[in-house]
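The values are calculated or read from the model by the stated rules, or taken from the named source; none is laboratory data. Quick caveat, the model's predicted, so the values are computed rather than measured. A quick note on method: Cβ atoms are made from the backbone with ideal geometry, for glycine too, and the neighbour counts reach across all protein chains shown.
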Amino acid sequence: MAEWMYAIDSTDDELTINLKNRQLKPAGFIRPEESQQCKGSNDMEEKQSTTSPPSLHQLDQLAHELELAKQEENQAREQRMAIEQKLCDLVGTKDEGSFSVKGDYYKITTVAGFSRVVDAEKWASIRQKLPADIAKLVIRSKLEVDTRQLKSLQQLNPAHYQLVAQAITTKPKKVSVKFERLEVQ
């Protein structure tokens with residue numbers, strides 16, 4: 001692993017990182033107040049093949065690029081939703097189910113439905129009044145892991161945890177990245 005000696009020079013106009021008498025200027029580095037003019041680029045004029053130096057400016061640059069990307073994503077989502085609403089108004093929808101219309105170049109299908117949630121207490125009292133086969137067909141049970149209890153079982157009773165773990169498939173989730181713009185003092 002390479003050892004880096006660096007100094008960061010930051011003026012109002014640019015960011016310069018001096019690495020053992022070599023200067024790197026990240027292309028596209030901008031300050032948050034210049035965000036209106038930013039296209040965002042994370043390419044470096046000069047690239048290193050070894051480990052990069054730790055840099056808070058790099059963190060700020062990437063966080064700023066993430067902030068801009070999320071803003072663009074929200075604008076695109078709002079634009080998409082407005083177009084979808086215009087298509088629904090033009091094509092029409094059913095109360096529940098799908099409805100399709102073909103144009104010269106596109107087929108548009110609108111799909112509508114309802115979200116249905118079971119009130120567990122009411123269902124427990126009503127279920128007894130229905131034949132068992134009907135109750136079983138209309139309302140399904142969903143098995144889910146109580147993660148807190150599972151982790152507790154792993155610590156308190158490893159043998160039982162090993163049995164339970166045989167019935168559970170564990171997959172990693174996508175890593176989420178949160179950012180928060182800090183106010184400059």
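Only residues in segment 55-76 that are under 18 Å from Val184 (Cβ atoms) count as the first member; pair them with residues that are among the charged types (D, E, K, R), Cβ under 7 angstrom, at least 6 apart or cross-chain, and list the lot.
Sorted first by the residue in segment 55-76, then by its partner, the pairs are Glu67/Arg181.
Quick test for you: out of Lys151, Lys171, Lys136, Lys94, pick the one residue that is surrounded by fewer than 10 Cβ atoms within 10 Å (Cβ to Cβ) and either assigned by TED's automatic domain parsing to the domain that holds Leu56 or among the basic types (Lys, Arg) (or both).
It is Lys171.
Which is within 30 Å of Val177 (Cα to Cα) and touching a helix residue (DSSP H, G or I) at 6+ places or on another chain (Cβ under 7 Å), of Leu59, Leu68?
Step by step, each of Leu59, Leu68 is checked, and only Leu68 is within 30 Å of Val177 (Cα to Cα) and touching a helix residue (DSSP H, G or I) at 6+ places or on another chain (Cβ under 7 Å).
How many residues are in a helix (DSSP H, G or I) and either more than 24 Å from Glu96 (Cα to Cα) or among the hydrophobic types (A, V, I, L, M, F, W, C) (or both) if we restrict to segment 114-169?
32
Sort through Ser49, Ser35, Ser41 and tell me the only one that's in a helix (DSSP H, G or I) and either modelled with pLDDT under 50 or surrounded by fewer than 12 Cβ atoms within 10 Å (Cβ to Cβ) (or both).
Ser35
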